[in-house]
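Q: My questions will all concern the structure given below.
None of the figures in this text is laboratory data; all of them are computed from the coordinates on show. Quick caveat, the model's predicted, so the values are computed rather than measured. Positions of Cβ are backbone-derived with ideal geometry, glycine not excepted, and every protein chain shown enters the neighbour counts.
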Amino acid sequence: MDILALCGSPRRNKTTSSVLQAVLDGTGRKHEILWPAFMNIGHCTGCRKCKHTTPGKCWQDDDMTMALDKMFEAKALIIASPTYFGNVPGPLKNFIDRSIPTCYTGKGEVWQGAENHGTRPFKGQPALLLTVSGGGDHEKTAANIRLVLEYYEYNIVGEFAEGMGGVVVTKEEFADIYNELLALGRKMDEALKTSAP
Ligand SMILES: Cc1cc2nc3c(=O)[nH]c(=O)nc-3n(C[C@H](O)[C@H](O)[C@H](O)COP(=O)(O)O)c2cc1C
């Protein structure tokens with residue numbers, strides 16, 4: 001698997017997944033899609049055991065154990081999300097919060113020279129940020145996802161943030177948008193050629 005994609009929508013075959021699928025078509029790469037809304041993921045309890053007691057491991061053994069393995073296996077990440085009140089939906093936020101143990105495995109460089117924040121195993125890996133809304137505030141969602149990707153020091157190679165009004169993108173019906181998304185996927189393919197040849 002080259003690319004791990006997170007689909008933040010709790011609805012299959014709707015706007016977010018259609019946008020993601022067009023981008024994945026463009027990458028032409030082996031990928032896996034995780035849907036946090038259909039996974040068993042407890043919320044982060046903020047206990048810091050993953051930092052101090054069992055470095056890199058959460059005390060909760062749920063679907064995040066498998067998901068973190070996949071994050072380490074992948075060479076690139078795509079986060080695709082709808083806008084819910086100017087942010088990502090709860091299940092995706094849960095996933096993001098529970099990804100914090102990846103900073104404490106000891107893999108990668110120390111973050112900005114401050115050991116207190118652990119290391120960054122995904123530093124420099126290509127990432128894409130895709131977010132849609134009914135019509136507004138997708139920029140806020142994009143900013144929130146950007147923050148996460150920047151914290152992990154992914155290399156953001158492209159973004160798509162649009163008010164889509166519930167449109168499901170197909171190459172037949174929305175050729176312009178489909179081609180724009182295809183091009184984003186190709187950009188990720190190109191980035192992967194240099195970051196993980
Ligand atoms: C709980 C909830 C909150 C939403 N909040 C916003 C919002 O703040 N701004 C907006 O433009 N659309 C909002 N929407 C609309 C969704 O972003 C939009 O319908 C999107 O296409 C849903 O993605 P999906 O089709 O992949 O499920 C919201 C929808 C729901 C269910």
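Q: Taking only Cα atoms of the range 3-195, what ratio of Rg to Rh do you get with Rh as the Kirkwood inverse-distance radius?
A: The Rg/Rh ratio comes out at 0.97.
Q: Right, something else. At 0.36 nm per residue, minus the direct Cα-Cα distance, what do Arg11 and Phe72 gain on full extension? Give it in nm, one decimal, please.
A: That works out to 19.3 nm of additional length.
Q: Oh, and also: Between Glu115 and Thr194, what is the spin-label point distance in nm, taking each point 7 Å from the Cα along the Cα→C-beta axis?
A: 3.4 nm
Q: Convert each backbone phi in the range 100-114 into a coupling constant with the Karplus relation 6.51 cos²θ - 1.76 cosθ + 1.60 (shift: θ = phi - 60°), then list the ³J(HN,Hα) values in order as whole Hz, x for Gly and Pro.
A: Taking θ as phi minus 60°, the curve returns 4, x, 4, 7, 10, 8, x, 7, x, 7, 5, 6, 6, x, 10 Hz for the range 100-114.
Q: Moving on to the next point. Please identify every one of the chymotrypsin sites (Phe, Trp or Tyr not before Pro) in the range 23-87 that sits in a loop by DSSP and has no more than 13 other beta carbons within 10 Å of its own beta carbon.
A: Hits after loop and neighbour filter: Trp59, Phe85.
Q: Hey, another quick one. Taking every DSSP beta bridge that has both residues in the range 3-195, what percent is antiparallel when rounded to the nearest 5?
A: 10 percent
Q: Next question, about the same structure. Could you give the length gained by full extension between Met1 and Thr105, i.e. 0.36 nm per residue of separation minus their alpha carbon distance, to one decimal place?
A: Residue separation times 0.36 nm, minus the Cα-Cα distance, leaves 35.3 nm.
Q: Calculate the length of the line joining the C-alpha centroid of the range 30-48 to that of the range 94-115, in whole Å.
A: When both Cα centres are located, 16 Å separates them.
Q: Could you list the GluC sites (Glu not before Pro) in the range 116-175 that lie in coil according to DSSP, counting only those with at most 15 other Cβ atoms within 10 Å of their Cβ?
A: Glu172, Glu173
Q: Taking 0.36 nm per residue of separation and subtracting the Cα-Cα distance, what length does fully extending Lys123 through Thr170 add?
A: Length gained between Lys123 and Thr170: 13.6 nm.
Q: Moving on to the next point. Would you please give the residues with an amide H less than 5 Å from that of Gln125, counting only those at least 5 places away or on a separate chain, with H modeled from the backbone geometry?
A: Amide H neighbours of Gln125, under 5 Å, 5+ apart: Asn155.
Q: If amide hydrogens are placed 1.01 Å from N in the peptide plane, which non-local residues have theirs closer than 5 Å to the one on Thr105?
A: Thr119
Q: A further question on this structure: Go through the range 143-160 residue by residue and turn each phi into a ³J(HN,Hα) via Karplus (6.51, -1.76, 1.60, θ = phi - 60°); whole Hz please, and just put x for glycine and proline.
A: Computed from phi, the couplings for the range 143-160 are 5, 5, 5, 4, 4, 5, 5, 5, 4, 7, 6, 5, 9, 6, 9, x, 9, 9 Hz.
Q: Ordered by residue, what ³J(HN,Hα) values in Hz, to whole numbers, does the range 3-11 give under the Karplus form 6.51 cos²θ - 1.76 cosθ + 1.60, where θ = phi - 60° and Gly and Pro are x?
A: Couplings: 10, 9, 10, 9, 9, x, 7, x, 10 Hz.
Q: Counting only residues 5 or more places away or on other chains, whose amide H sits under 5 Å from the amide H of Ser81 once H atoms are built in the peptide plane?
A: Sorted by chain and number, the residues that satisfy this are Gly8, Leu130, Thr131, Val132.
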